[in-house]
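Throughout, read-outs are computed from the coordinates displayed, never taken from laboratory work. Not measured: the values here are computed from a predicted model. Because the Cβ atoms are built from the backbone with ideal geometry, glycine has one as well, and the counts that use them run over all protein chains shown.
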Ligand SMILES: Cc1cc2nc3c(=O)[nH]c(=O)nc-3n(C[C@H](O)[C@H](O)[C@H](O)COP(=O)(O)OP(=O)(O)OC[C@H]3O[C@@H](n4cnc5c(N)ncnc54)[C@H](O)[C@@H]3O)c2cc1C
């Protein structure tokens, strides 16, 4: 059985592993990935200062090492085909089953005036920039400013805050991209506002991320309005929100002399408008204040007429990811996801199953859960892929191999190439005392590969 998986993130690897485990011995997996690199958001999303989480890739690498597994990086699923591109038709012709594990590539917007002005970004792109995603190489955010704003109450907002609040030497020990480390050297941010729509009991931060704030001992944390007392929690408070609140109180009670930076958690505010200077660069954010009505299961939010304006020369919104439509594949615009039945079989918008096509991971469920959540999802979809029948004659072995060769001739990165790149990145990193030094652009990758191949040919 021939399987194609599009998208080399955690879901793609969990799916491949589950198919190898439960499928027939002749099952092969060919994985196609638009960047030159495997591992999706583990490489391009997970915070550089959380290296342990990235150890999950050791398992993915084992899957990759299977002789039944092939990798084609720098290959994108689009409508038109052509060099470096493949189409859904190509895949459905050559393979018995095709799984789309492409994650959520785009971001949600706030829908406020001047949201796209200079130095205003989505966290999706900002995180991609500091993690060395090739598409975000040219973002070049200006950190030579005084006031930054991060909007959002989830862990990604805290990741962004930690990057901005880190001295260069702290991040230099990580696999953050070279260009972001250079930018950190120029960082003059004195104050960061974290804007949260609801109250301190309502945040979606997890405990380890909030506790980590205590490590920033030269940063003064302030909370507006004053934190609610610990001893009168709302009915929906749980262990996580209670522990978060305890840490918030500890941070609020800490008085730092001559702080390196001040962080203001501003609760119950929603950005209303960005204001820009004559160069179109963001300079202020106007917010409106919200009232909260505490309910049994959550708080209800009501916008008031009260507004405030805060300085903001760097504005980052972390309000969620959403799927990006794939040409030739149905897409549910409102949900930002590929429509599917309960088992992950792709359907058209009327619910009719498209034979041979499956979706799993963030693009199936939406951007929620931790890396491990995708394992259950992928295993479930893998079972259905093995059970389903498809009346379909795939192309011959020779046709498939010739198609693969066309992709490789067009610049696809093979798993042998990745082996060389991985070894180069880790050995360069080792010399600098960090886990890896990331290559970023396709040009860098090609130059490195040419050198590495020339060296191994003469050795
Ligand atoms: C900023 C951030 C930090 C996170 N931190 C953590 C954490 O610390 N711990 C944790 O457990 N979880 C974390 N997560 C969540 C975790 O990363 C996700 O659960 C997981 O990556 C989703 O896996 P996926 O394979 O569905 O999608 P992805 O990881 O996004 O992988 C999708 C892959 O598909 C590729 N692709 C997309 N379109 C195409 C196309 N047209 N053709 C070919 N390839 C394509 C992409 O390049 C990508 O490699 C974080 C998420 C984010 C955004």
Ranked by how many other beta carbons lie within 10 Å on average, peptides 216-228, 64-76 from highest:
64-76, 216-228
Residue exposure sequence - 138, 399 - by fewest surrounding Cβ within 10 Å
138, 399
Could you give the distance between the Cα centres of segment 234-264 and segment 1-25, to the whole Å?
43
Estimated [θ] at 222 nm from DSSP helical runs (n ≥ 4, -39500 (n - 2.57)) normalised by residues in the chain, nearest 500:
-10000 deg cm²/dmol
Pop the C-beta distance of residue 398 and residue 89 into the FRET formula with R0 = 22 Å and round what comes out to the nearest 0.05.
0.70
In vacuo Debye sum over C-alpha of segment 74-130, base-10 log of normalised intensity I(q)/I(0) at q = 0.14, 0.17, 0.24 Å⁻¹, listed in q order, is -0.63, -0.76, -0.97
Need one number: nm distance between label points at residue 391 and residue 26, each 7 Å from Cα along Cα→Cβ, rounded to one decimal.
2.1
Report the paramagnetic label zone for residue 300: residues of segment 222-266 whose backbone N is under 19 Å from a point 7 Å from Cα along the Cα-to-Cβ axis.
234-237
Working note, segment 108-320: Cα radius of gyration (Å, one decimal) and Dmax (Å, whole number) are 16.9, 49
Report the equivalent ellipsoid semi-axes for the chain in whole Å, largest first, defined as the square roots of five times the eigenvalues of the gyration tensor built from alpha carbon atoms.
41, 27, 20
How many angstrom separate the Cα center of segment 280-344 from the Cα center of segment 200-229?
21
Could you tell me the distance between the Cα centroids of segment 118-148 and segment 373-403, to the nearest Å?
38
Within the chain, percent of DSSP bridges classed antiparallel, to nearest 5
35
What angle do you read, to the nearest 10 degrees and between 0 and 90, between the alpha-carbon axis of helix 415-431 and the longest principal axis of the chain?
40
Can you tell me the orientation of helix 10-22 relative to the chain, as the angle in degrees between its alpha-carbon axis and the longest Cα principal axis, to the nearest 10?
40
If 201, 403 are placed from fewest to most neighbouring beta carbons inside 10 Å, the sequence is 403, 201
So for 171, 31, fewest C-beta neighbours within 10 Å to most, what's the order?
171, 31
I need the calculated FRET efficiency for the pair residue 262 and residue 309, taking r as the beta carbon distance and R₀ as 25 Å, to the nearest 0.05.
0.90
Cα axis of helix 442-458 to longest principal axis of the chain: angle in degrees, 0 to 90, nearest 10?
50
Using only the alpha carbon atoms of segment 63-175, find the Kirkwood hydrodynamic radius as the inverse mean reciprocal pair distance, in angstroms to one decimal.
17.8
Linear extension gain, residue 428 paired with residue 457, 0.36 nm per residue minus alpha-carbon span
8.4 nm
Computed from the beta carbon distance with a Förster radius of 51 Å, FRET efficiency for residue 142 and residue 246 to the nearest 0.05 stands at 0.90
